[in-house]
Structure formats: structure tokens, C-alpha cells
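Enquirer: What follows is a single structure, and I will ask about it in a moment.
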Amino acid sequence: MSFPREAQLALVASASRAPSPHNTQPARWRFASDRIELHECVERRLVVGDPTGRDQAIALGAAWEGMAIALSECGFQLGAVQRLAGNAGSARGVGFANVEPGAKPDALAFAVRIRRAYRGTFPAADSAAQSRLDELARRWPSIAWVHGADAQARIGREYDAAAAAGLRDPAFAKELYAWMRFSSRHRDWFRDGLAADCLALSPLEAWGGRIAMRPGVVRLLAALGLVGLLVSEAAKVRSATALALLLAPRSEDPFATGRAFYRFWLDIAASGFSAVPMSALADSPGHSRRLVAAHAHGRDVALINVFRIGPTPQPPPAESARLPAEELLLA
């Protein structure tokens with residue numbers, strides 16, 4: 001199957017809605033006759049925040065799932081993924097698959113267009129929302145669910161501690177700041193990164209964050225023991241209807257984990273909820289071990305991430321920026 005360029009761009013644009021750490025968007029694509037290739041833009045690796053490349057691999061798996069969902073809306077499906085060796089400039093081969101006819105539209109395809117990360121305070125869930133969340137939990141028995149004010153408050157404190165510890169690393173703080181977009185005047189506001197509106201920052205908070213999150217200021221606050229003021233989200237965690245711990249077997253390929261990660265988040269959106277990953281908990285070995293010990297019930301699993309979930313507010317959260325599809329297509 002050969003897709004015309006216009007169709008290729010539409011498929012890539014849809015696949016690019018998949019999440020990635022700091023909204024780095026590492027996936028690159030090539031359409032070659034009857035197959036689709038996935039490549040990784042290595043220049044978009046988070047060398048400090050993701051030194052093992054696990055989060056990048058998860059993001060690439062999510063992008064692949066996004067492409068599979070986009071193709072399903074056109075009546076096509078991807079065959080088995082095969083490893084793709086070699087580099088194309090700054091892009092590293094990840095995998096490819098043949099495109100095959102006969103697919104039905106994926107039931108979660110509509111959720112690609114409504115999924116958002118919401119980092120604000122959630123509205124209260126009514127009984128109908130609680131019922132929808134119960135149904136979501138039944139569809140995802142591998143997820144460890146945390147309910148209740150005390151349990152959520154405890155994890156909220158854990159999150160604040162893990163996030164503050166990360167900021168005390170000057171290299172991490174510098175890398176994070178490079179991907180933050182505090183003003184629409186930033187040259188990459190409409191392209192990538194963590195924008196102030198998607199971070200649920202008011203104009204005043206965005207103005208203050210642009211100053212307070214500067215690496216030099218963060219170092220000063222860390223020396224004064226005040227860096228925790230920059231990342232405290234315990235109150236927002238308490239407002240969530242539930243927390244969801246995404247666990248996976250330690251032997252599982254992160255690429256496969258990324259596909260499930262994206263589908264779970266899409267199912268959250270399809271159920272009428274918004275969510276945001278609390279990635280600092282998974283990135284901190286100590287906090288991750290404690291959460292697995294407390295909630296995995298003896299399973300030999302790793303913590304992939306923790307979502308806080310609540311009803312989608314009105315108006316809906318801002319849509320995160322994306323690179324033009326033309327830039328994501330390799331020649």
C-alpha cells in the first residue's frame with residue numbers, strides 16, 4: 001500500500017499526538033512502499049532526565065500505537081513490528097511493519113483528539129463519574145488504583161519530595177528549563193515543550209516561573225532549602241478522584257509498555273477524565289521501590305508511571321503543541 005504525501009502527513013500528525021517526556025516528540029517516520037518505518041530523533045533525548053532511554057522508548061512505543069490507531073481509521077493495520085537497523089542522519093532506526101488492509105476503526109481513535117494532560121486542581125467527581133471510573137478500573141486490572149484522602153495525600157507528599165530532589169541536580173534543572181515555555185513569545189511555543197497554559201499556570205505564575213525556574217535561581221533556592229516551593233503539587237494530588245499506578249513486568253520491552261501506556265491514557269480520556277503523569281515518582285528509584293512494595297502485592301513489576309485522574313474541567317485543558325508533520329517525515 002502506497003500512501004500519497006497528503007495522507008502520510010495526516011497519519012503522522014495523528015500519531016504525533018502521542019505523549020512524550022517534556023513533549024520532546026522523538027518519533028520520525030518514513031513511508032516505504034507497503035511498509036512504515038519508525039525512527040528516533042536522537043537529538044531529542046533527555047540525557048539527564050532519562051539517562052537509560054527508558055522514557056524515550058516508551059514514547060516511541062506510544063507513537064507507534066498512535067500510528068496504528070490512525071491507520072485503523074483508514075481501514076488499515078500494522079503487521080508485526082520488526083527491528084530496523086541503521087541511522088538516517090540524526091535519526092536512529094527503531095522498527096518497521098507492513099501495512100495490511102482489513103482493519104476496523106479503533107474504538108479509542110476519537111480519544112486521540114480529546115486527550116489532554118491536566119495539571120490543575122480537579123473538580124469533584126459526581127456519582128456518574130465514579131461509576132465510569134469503576135468501569136475503567138475493571139477494564140485495566142493490571143493497574144494499581146489508589147483512592148482516599150489519606151493515601152492520596154501520602155503519595156502527594158512522596159511526589160513533592162521526588163520532584164524537589166530532581167531539581168537539586170543542576171544538570172536536571174538546566175535540561176528541564178530548556179524545555180519549558182513560559183510565554184507565547186517563546187520561539188518554540190507552538191512546536192514542543194512544556195507550555196505555561198498546559199502546565200495550568202496563570203499569567204502571574206508563568207511570569208514568576210520564568211524567573212524562579214532559571215537554573216541559577218534554582219541552585220540558590222536549593223542551597224536555602226526552598227526548592228520544594230517550586231514543585232509542590234500535594235493539594236492537586238488530593239483533588240484527584242483516584243491515582244493509578246501503571247505497573248509492568250520488569251522484563252517487558254519499554255516499547256510494548258509505551259503502547260499500553262498510551263492506550264490507557266486514551267481510555268481515561270474516553271471515559272470523560274483528564275490525567276497527568278507524576279513522572280518524578282517513577283524516575284526516583286527510592287520512591288518507585290516504596291510504591292511497588294506497597295501496591296504491587298508481591299508481583300515482580302516495575303513502576304512505569306503514576307497518573308492522577310479526575311473529571312475533565314470546563315473549559316477543557318489546553319492542547320499541547322506539536323511539530324509540523326512535514327518535519328516528522330523522513331525523505
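Enquirer: Considering only the range 211-233, state which residues are out of contact with any Pro (no Cβ under 7 Å at 6 or more places or on another chain), within 18 Å of F182 (Cα to Cα) and part of a helix (DSSP H, G or I).
Expert: Selection gives I211, A212, G216, V217, V218, L229, L230.
Enquirer: Shifting gears a bit: Within 24 Å of R263 (Cβ to Cβ), among the β-branched types (V, I, T) and over 23 Å from the mean Cα position of the chain (by Cα): which single residue out of V99, V81 fits that description? I'd like the intermediate steps shown before the answer.
Expert: Working: V81 fails: over 23 Å from the mean Cα position of the chain (by Cα).
Going through V99, V81 in turn, the sole match is V99.
Enquirer: Another question, if that's okay. Would you check which residues across the range 42-56 are of a type in the set (D, E, K, R) and either under 15 Å from the mean Cα position of the chain (by Cα) or open to solvent by less than 100 Å² (accessible area, probe 1.4 Å) (or both) and list them?
Expert: To start, the set of residues in the range 42-56 that are of a type in the set (D, E, K, R) comprises 43-45, 50, 54-55.
Passing the criteria: R44, R45, D50, R54, D55.
Enquirer: Here is a follow-up. Output the number of residues of the range 166-189 satisfying the condition of being more than 16 Å from L46 (Cβ to Cβ) and open to solvent by 60 Å² or more (accessible area, probe 1.4 Å).
Expert: The total comes to 5.
Enquirer: Out of R119, R115, I need the residue that is of a type in the set (D, E, K, R) and open to solvent by less than 40 Å² (accessible area, probe 1.4 Å). Which one? Please lay out each step first, then the result.
Expert: Numbers: R119 fails: open to solvent by less than 40 Å² (accessible area, probe 1.4 Å).
None of the others qualify; the one that does is R115.
Enquirer: Follow-up. Would you check which residues across the range 190-204 are assigned to a loop (DSSP other than H, G, I, E, B) and open to solvent by 50 Å² or more (accessible area, probe 1.4 Å) and list them?
Expert: Taking the range 190-204 and keeping what is assigned to a loop (DSSP other than H, G, I, E, B), we get 190-193, 196-202.
Hits for the range 190-204 are F190, R191, D197, L201.
Enquirer: Just need a number here: residues in the range 217-259 that are open to solvent by less than 40 Å² (accessible area, probe 1.4 Å) and either more than 23 Å from H147 (Cα to Cα) or of a type in the set (S, T, Y) (or both).
Expert: Total satisfying the criteria: 10.
Enquirer: Out of (1) more than 24 Å from D50 (Cβ to Cβ); (2) of a type outside the set (S, T, N, Q); (3) assigned to a helix (DSSP H, G or I), the odd one out for A163 is which?
Expert: (1)
Enquirer: Which one is farthest from L245 (Cα to Cα), of the residues in the range 143-160 that are open to solvent by less than 50 Å² (accessible area, probe 1.4 Å) and not in a helix (DSSP H, G or I)? Working first, answer last.
Expert: Initial filter on the range 143-160 (open to solvent by less than 50 Å² (accessible area, probe 1.4 Å)): 143-144, 146, 148, 151-153, 155-156, 158-160.
Narrowing further to those that are not in a helix (DSSP H, G or I): 143-144, 146, 148.
Values: I143: 6, A144: 5, V146: 8, G148: 14 Å.
Among residues in the range 143-160 that are open to solvent by less than 50 Å² (accessible area, probe 1.4 Å) and not in a helix (DSSP H, G or I), the one farthest from L245 (Cα to Cα) is G148.
Enquirer: OK, next. Going through the range 290-331 one residue at a time, which ones are under 21 Å from the mean Cα position of the chain (by Cα) and exposed (fewer than 15 other Cβ atoms within 10 Å of the Cβ)? So that I can check it myself, show each step before the final result.
Expert: Initial filter on the range 290-331 (under 21 Å from the mean Cα position of the chain (by Cα)): 291-292, 301-313, 316-325, 327-328.
If the condition is that a residue be under 21 Å from the mean Cα position of the chain (by Cα) and exposed (fewer than 15 other Cβ atoms within 10 Å of the Cβ), then P316, P324, E327 are the ones that fit.
The values are calculated or read from the model by the stated rules, or taken from the named source; none is laboratory data. No experiment lies behind these values; they were computed from the predicted model shown. All Cβ positions, glycine included, derive from the backbone under ideal geometry; neighbour counts span all protein chains shown. All accessible areas refer to the heavy atoms of the entire protein, side chains included, with ligands and DNA or RNA removed. Shrake-Rupley method; radii C 1.70, N 1.55, O 1.52, S 1.80 Å.
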